[in-house]
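Here's the structure we're looking at; comments come further down.
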């Protein structure tokens with residue numbers, strides 16, 4: 001059971017472990033950082049020493065250059081750092097993503113980072129890690145978020161491609177994780193045509209392939225040699241920011257699609273000018289979050305970022321001790 | 001099935017383009033059997049008469065199943081009651097698709113006291129998107145960007161029918177419109193049994209001074225073009241209806257006009273708000289539109305009146321084949337018998353040549369006149385927009401030079417282009433937004449504006465970009481109304497960007513005061 005002093009404490013730099021003298025996913029440069037996964041708001045450049053999974057370290061090197069930290073250490077098995085033992089466990093969020101378990105005098109704490117329990121062919125599946133304190137994300141912590149089966153969403157995309165063979169389908173998907181997830185879902189649905197990708201996705205797709213994720217035939221979405229009509233009927237993946245760029249002007253009458261958990265809410269989809277919303281999320285939805293708390297049955301639940309009000313209320317209704325950390329610096333609405 | 005209807009609503013809600021909405025609707029009509037497709041059509045045209053399921057009934061329902069605080073947090077986020085309930089409703093088992101007609105029938109037949117329980121039981125067996133469609137159906141107001149006319153157009157498209165013919169018989173038909181769909185599928189045209197049906201109206205084509213020089217002025221008559229709404233007033237054997245030019249029945253909003261329709265026939269004219277001889281600005285008419293009930297105070301302060309310019313039927317005789325001049329004589333005689341406070345004649349303008357008419361058009365006696373109508377003396381009353389018979393010669397648009405303030409990306413073919421612009425005028429040394437425009441420019445001008453927005457963005461608000469206040473555009477618009485909802489206090493009608501004024505620095509754009517001077521007198 002937790003005792004004084006608490007095993008983790010929020011500081012402006014991020015979540016701090018006094019007994020190990022390190023931060024988890026700090027948002028400012030620190031001497032020692034443990035990183036859950038490679039998304040930019042969790043994995044930042046400029047720390048002195050970084051410990052993360054092999055894949056997360058690789059991804060950080062791809063994004064920030066090989067010198068993103070003074071020293072790096074691959075998380076393997078259980079490591080002792082100061083007065084605590086730490087171990088990394090798959091989180092199912094993106095390739096390399098991990099939950100970090102910190103065991104010390106204060107008991108066992110699991111920091112989930114971002115996670116989902118929905119199977120994801122682009123990375124290792126989430127594992128339950130028993131703990132005394134669960135430090136969880138709450139990105140989609142409202143009872144309206146019960147994400148549908150992603151394969152059904154992909155079926156919607158393929159039906160639209162069949163219905164509009166003259167239009168290009170432009171799917172907004174973030175470069176790390178979501179893009180590869182969408183590609184794997186398309187492949188699982190039997191779509192084996194070439195998939196075109198925006199240049200910003202190239203490096204990370206190549207890395208996934210090198211790690212044994214069979215993304216199939218990917219081609220650059222360039223018109224250097226071709227004409228607008230060449231992309232009729234094609235599926236093109238791009239980071240959503242590309243839709244605002246002149247880049248989008250090259251495609252024939254595009255159907256703007258967006259793969260995100262936020263697409264459950266119609267106003268969100270319309271706000272972004274999305275014609276085909278695809279509810280595909282890399283985060284736990286409300287059902288998964290409450291199920292996780294129920295199954296792990298921690299003595300306390302701490303909420304790092306997202307919509308903590310509703311999950312605090314749920315914990316109160318179920319007589320569970322909970323605490324909002326209100327960490328700043330993480331994107332309110334990633335995906 | 002409610003599932004198919006839910007899919008349709010979802011597609012329509014996210015499809016910005018009219019042609020694609022029509023394609024989605026036609027596809028739905030083709031794939032859906034009777035009576036479901038007709039009920040869906042009625043839901044879209046607002047002709048489905050259901051017991052009003054109130055928001056408070058739904059709130060009470062959900063309160064029994066979901067913690068109030070959790071619901072409120074969710075509702076705050078989602079922003080739409082039906083959608084919040086559809087998403088948050090606890091799942092009890094596998095969802096089960098049911099025919100739309102079963103749900104409609106149940107909503108119509110269930111006694112009020114059992115209604116809440118029936119709705120709850122239905123929500124238990126539907127999927128989230130089906131729940132959404134069901135709740136939208138039950139509460140009315142689908143809000144999917146489909147007008148009644150567009151829905152009728154889709155039926156016409158589906159059966160390769162003439163829209164005017166569909167509109168003519170529409171008011172004699174009732175949901176689920178099986179005879180209409182039968183006709184669309186090569187069956188016989190339904191015979192309208194309704195009294196006082198809508199008849200397709202005759203439309204005009206735009207013209208200008210240059211085009212008119214080729215015509216002999218002696219062959220034509222001219223009238224003022226009033227800025228009201230085009231209506232058809234039909235009274236047959238005691239049934240009185242007032243239709244918009246698209247065939248929508250607007251009778252309930254204008255009981256004062258209906259009461260004055262002491263005739264048997266069909267008149268074509270302009271609906272206006274008129275106080276004595278004074279025709280009020282369009283804005284006053286707008287406050288009367290779209291109401292289910294009109295208060296006595298509103299009837300007194302905003303009295304509606306008809307200014308008629310044609311007669312289609314009179315006392316059982318169809319006059320539409322007669323030449324205009326003969327119809328006009330019939331009309332003159334007919335109006336003599338009616339209450340002049342409510343129904344009067346559109347005057348014919350005296351002119352010998354086009355110059356004289358141009359002079360009249362240039363100096364209309366009232367601000368609510370938006371140009372002149374020119375009609376061939378020999379024209380029969382023809383449905384639709386047939387060239388060579390009726391012309392509209394609108395007054396020149398009003399113009400201001402405004403500064404671009406914000407831009408938003410467009411949809412479909414304009415994906416990736418900043419094509420929706422907000423512009424402003426000077427109020428002292430600040431720029432006040434006065435309107436939005438998303439057409440009027442050429443493709444080349446769009447590219448130039450898009451480039452300007454990208455190179456001069458100073459701030460971003462979601463999909464909207466604020467730009468450096470440097471680009472001056474000429475904005476043309478058809479009229480101006482007072483509007484407390486707008487920061488500037490005015491709302492433009494049909495604003496469009498008519499020219500890019502690269503020759504003008506922002507400091508020389510117009511003052512808000514100059515725009516306010518263009519307002520009609522109060």
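Numbers at a glance
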| item | result |
| --- | --- |
| Rel. contact order, % - alpha carbon contacts under 8 angstrom, at least six apart, chain A | 17 percent |
| Spatial separation of Cα centroids for the stretch B:471-509 and the stretch A:228-257, in angstrom | 33 Å |
| Residue B:464 paired with residue B:297, simple spin-label distance in nm, labels 7 Å along Cα-to-beta-carbon | 3.2 nm |
| At q = 0.21 Å⁻¹, base-10 log of I(q)/I(0) for the stretch B:398-516 (Debye sum, equal scatterers on each alpha carbon) | -1.22 |
| Ratio Rg/Rh, restricted to the stretch B:205-394 and using Cα atoms, in which Rh is the Kirkwood radius | 0.96 |
| Footprinting exposure proxy for B:309, B:406 (fewest neighbouring C-beta atoms within 10 Å first) | B:406, B:309 |
| Relative contact order of the stretch B:84-216, pairs being alpha-carbon contacts under 8 Å that are 6 or more residues apart, as % | 19 percent |
| Relative packing of A:296-303, A:111-118, B:50-57, which averages over residues the other C-beta atoms within 10 Å, highest first | A:111-118, A:296-303, B:50-57 |
| Packing rank of A:126-137, A:35-46, where each peptide gets the mean count of other beta carbons within 10 Å, highest leading | A:35-46, A:126-137 |
| Enclosed volume per residue, in Å³, of the convex hull spanned by Cα atoms of chain B | 192 Å³ |
| Overall form of chain A per C-alpha gyration tensor (a/c, 1.5; a/b vs b/c) | prolate |
| For A:295, A:316, B:10, order by how many other beta-carbon atoms lie within 10 Å, fewest first | A:295, A:316, B:10 |
| Average beta-carbon neighbours from other chains, 10 Å sphere, peptide B:15-21 | 2 |
| C-alpha center-to-center spacing [the stretch B:250-296, the stretch B:61-136] in angstrom | 39 Å |
| Mean-position separation - Cα centroids, the stretch B:382-426 and the stretch A:141-166, in angstrom | 35 Å |
| Crossing angle, helix A:308-317 versus chain A [Cα axis fit, 0-90 degrees, rounded to tens] | 60 degrees |
| Residues A:80, A:272, B:274, sorted so that the one with the fewest Cβ neighbours within 10 Å comes first | A:80, A:272, B:274 |
| Relative contact order, percent, chain B [alpha-carbon distance under 8 Å, six or more residues apart] | 11 percent |
| Residue mean of other protein chain beta carbons inside 10 Å, A:314-320 | 1 |
| Degrees separating the helix A:178-188 axis from the principal Cα axis of chain A, which is the longest one | 60 degrees |
| Highest-first arrangement of A:94-102, B:133-141, B:482-490, where packing means the average Cβ count within 10 Å | A:94-102, B:133-141, B:482-490 |
| Calculated [θ] (222 nm, deg cm²/dmol) that DSSP helices of n ≥ 4 give over chain B, each run adding -39,500 (n - 2.57) | -10500 deg cm²/dmol |
| Average beta-carbon neighbours from other chains, 10 Å sphere, peptide A:240-247 | 3 |
| Global form of the stretch A:150-278, assessed from the alpha-carbon gyration tensor, a/c cut-off 1.5 | rounded |
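Values in this text are rule-based calculations from the coordinates and carry no lab data. Bear in mind that the values here come from a model prediction, so they are computed numbers and not experimental data. No Cβ is skipped: glycine too gets one built from the backbone with ideal geometry, and neighbour counts run over all protein chains shown.
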